[in-house]
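Bear in mind that the values in this text are calculations on the coordinates, not laboratory data. Because the structure is a prediction, the values reported are computed rather than measured. Ideal geometry is used to build each Cβ from the backbone, glycine not excepted, and the neighbour counts take in all protein chains shown.
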Amino acid sequence: MRIHEVSKQTGLTKKAIHFYVTQGLLHPLKLDNNYYEFSNEDIQLLHQIIAFRKAGISIQTIKEIYDYPAATNFFLHRSFHQLKQELTEKMTQLENLEMILETIPPNGTPVDVGNLNQDNFINHPEPHWLDTKHPDFDERMIAILILAPFMDIQVDEYKQYLWDKIFNDLKNQFKDNLKILSNMIYFLSGEQIRDSSTFQFNLLKKIAYSEDLSEYVSYLMDCIQQLYTNDELTQKWILLHDPVLIPVLNFFKRTSEKKRISQYNPLFEQYTDKMKTIIHECVSQIKDTPFEKELTLKLKGNINIEDECYSDLFLIFTFHKSIYSQCSISEIKQCLL
C-alpha cells in the first residue's frame, strides 16, 4: 500500500512516516519510481513505534529496542527512570524560579537576582506527588533481569500472581540497597544486557537437562580460580558482596523455599537440584584445603563455602558474566556512594 493509505490507517503525517524510514526504523519496499510500497508488517511496526513515541521513548532507544528486542523491558524501565529524573530536575527549576519571583521586587533587575541568598535555592525538591503517582518500578526490572533464564513461558493469571509475589520478595529483600543495583543496571548497554541474559539462559538449560554434570563442576572450579586470579573481578566481588550479592542469594533462597519460582517455571527446581550436586562436588575439592584459606584471604572474608545450594558458590557460578559484574569498578563505587 502507498504512503497516503498508511497515513490514513496510522494517523501519521507523510512527513513522520518518511522520518521513520530515514531513521532506519521502517524498511518498506522502494519501487522503481522512488515511491514506497508498505506491507501489513510495516503497518504493525508503525503502530508499535507510535505506542513507544506516545510513552516518550526516544528514537535512539526505539532503535536499541529493535536491535536487542529481548531487552525491551530494560529499555522501557530505563526510559521511565530517565523521564522521571528529567521531571524532577524541571520541578526543581520551577520551584527555584518561583522563589525568585516571590523574592525580587516588581521592578527587579538581574542585580536583584544575583544578590539572592544562594541557600534559598534548592538542589533537589522535597518528596511530592511525582513519587506518589509514579513510583519507581526498579524491583520489577531487576527481578526480570535476575530471572531472565526462567522467563520463556506463557504467563497466565496465576503465573502473573506469582510474578507479583516474586518481585515483591525481591523488593523486601533488598530494602535500602535496591537503588544500588538499579543504578548499576542503568549503566549497562542493551548489548551487555542481551549477552548476559543469553549466556545465563543457555547455561541454565544445559544444566537442567544434563545427565553428566562433570563439565559444570569443572566450570565452577574455573570460575572460582578466575575470581582468585583476576584482581579486577576480585575487587568487584568485594565491593558488591554485602550490598548486592548477598541480597540476591537470599532472594533466591526465600523464593525457592516458598516454591514461587518453581511454580512460575518448573525448570527452576530441576536446575537447582543439579546445582546442589555441582556445588557439593566443588566443596569436596575445596573445603579445608590451603586454597580455601588463600581464597578467603584474597576475598577479605567475603566468601562462604558451604555444602548447600545457596552458598556463595551459587553466585560465583555466574558472577563474571552476570549483570552484577558488567559495570566498571569506578561505576560500582559511584553507585555505592
**Report entry** Given charges at Cβ of Lys, Arg, Asp, Glu: the chain dipole, positive-most of L130, M221, N177
**Finding:** L130
Query raised in the report: Any idea what the relative contact order of segment 1-144 is, in percent, if you count C-alpha pairs under 8 Å spaced at least 6 apart?
Result: 17
Query raised in the report: Remind me, relative contact order of the chain in percent, using alpha carbon pairs under 8 angstrom and six or more residues apart?
Result: 17
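On full extension of the chain, what length is gained from D222 through N304, given 0.36 nm per residue of separation minus the C-alpha to C-alpha distance? Don't skip to the end; give the middle numbers.
On the way: separation 82, 0.36 × 82 = 29.52 nm, distance 1.71 nm.
Full extension of this stretch gives 27.8 nm more.
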Requested in this report: Multiply the residue gap between D156 and N115 by 0.36 nm, knock off their C-alpha separation, and tell me the result in nm, one decimal place.
Outcome: 8.6 nm
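Counting pairs of alpha carbon atoms under 8 Å apart in space and at least six apart in sequence, what relative contact order in percent does segment 3-54 give?
So the answer I get is 31 percent.
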**Report entry** Inter-site label distance for S330 and K206 at 7 Å from Cα along Cβ, in nm
**Finding:** 3.5
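Could you give the length gained on full extension between E102 and L29, defined as 0.36 nm per residue of separation minus the Cα-Cα distance, in nm?
20.4 nm
Considering only DSSP states other than H, G, I, E and B, which GluC sites (Glu not before Pro) in segment 193-266 qualify as loop sites with at most 13 other Cβ atoms within 10 Å?
Working: sites: E211, E215, E232, E257; in loops: E211.
In loop regions of segment 193-266 (DSSP not H, G, I, E or B), the sparsely surrounded GluC sites (Glu not before Pro) are E211.
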Report task. Send over the Kirkwood Rh of segment 134-195, from the inverse of the averaged 1/r over different Cα pairs, rounded to one decimal Å. Result -> 12.7
Query - Burial ordering of T289, T103, fewest other beta-carbon atoms within 10 Å first - result: T289, T103
**Report entry** Centre separation in Å (Cα based) which lies between segment 314-337 and segment 186-208
**Finding:** 14
Query raised in the report: Thinking of segment 70-133 as a set of Cα atoms, what percent of all their pairs are more than 16 Å apart?
Result: 59
Query raised in the report: How large is the charge dipole for segment 1-115, taken about the Cα centre, if only the Cβ atoms of Lys, Arg (+1) and Asp, Glu (-1) carry charge, to the nearest 20 debye?
Result: 440
Query raised in the report: Between A70 and N172, what is the spin-label point distance in nm, taking each point 7 Å from the Cα along the Cα→C-beta axis?
Result: 3.1
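Loop-only check: which GluC sites (Glu not before Pro) in segment 287-337 are DSSP coil with at most 14 other Cβ within 10 angstrom?
Numbers: sites: E292, E294, E306, E308, E331; in loops: E306, E308.
Of the GluC sites (Glu not before Pro), the ones in loops of segment 287-337 whose Cβ has at most 14 other Cβ atoms within 10 Å are E306, E308.
Rg/Rh for segment 138-336: what does it come to with C-alpha atoms and Rh from Kirkwood?
Working: Rg = 16.3 Å, Rh = 17.3 Å.
Here Rg/Rh amounts to 0.94.
Grab the beta carbon distance between I59 and T289, set R0 = 56 Å, and tell me the FRET efficiency rounded to 0.05. All intermediate terms of the calculation are to be shown ahead of the outcome.
Details: r = 56 Å, r/R0 = 1.00.
FRET efficiency, I59 to T289: 0.50.
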**Report entry** Ratio of the Cα radius of gyration of segment 3-54 to 2.2 N^0.38 Å, where N counts its residues
**Finding:** 1.04
Report task. Please work out the C-alpha center-to-center distance from segment 231-259 to segment 159-183 and express it in whole Å. Result -> 14
Report summary line: Given the candidates H241, F201, S311, the one whose Cα lies deepest towards the positive end of the charge dipole of the chain, counting +1 at each Lys or Arg C-beta and -1 at each Asp or Glu C-beta, is F201
Query - F199-K259 pseudo-label distance in nm [points 7 Å out on the Cα-to-Cβ vector] - result: 3.5
Report summary line: Measuring from the longest principal axis of the C-alpha atoms of the chain, the long axis of helix 190-209 (C-alpha) lies at a number of degrees, nearest 10, equal to 30
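So for the chain, Kirkwood radius off the Cα pairs, Stokes-Einstein at 4 °C and 1.567 mPa s: how many µm² s⁻¹? Could you put the intermediate results ahead of the total?
Numbers: Rh = 23.7 Å.
Calculated translational D: 55 µm²/s.
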Report summary line: Tilt, helix 157-174 to longest principal axis of the chain (alpha-carbon atoms), in degrees rounded to tens, equals 80
Requested in this report: Report the residue, chosen from K15, K236, K298, that carries the largest GNM mean-square fluctuation when the chain is represented by alpha-carbon nodes joined by springs under 10 Å.
Outcome: K15
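So if I place +1 on the C-beta of Lys and Arg and -1 on the C-beta of Asp and Glu, and nothing else carries charge, what would the dipole magnitude of segment 70-133 be about its Cα centre? I want it in debye, nearest 20.
On the way: 4 positive and 9 negative charges, 86 e Å.
I would put it at about 420 debye.
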Requested in this report: Within segment 113-179, list the chymotrypsin sites (Phe, Trp or Tyr not before Pro) lying in a DSSP loop whose Cβ has at most 13 other Cβ atoms in a 10 Å radius.
Outcome: F121
Query raised in the report: If you line up the Cα atoms of segment 252-337 on their principal axes, what length do they span on each, largest first, in Å?
Result: 38, 36, 19
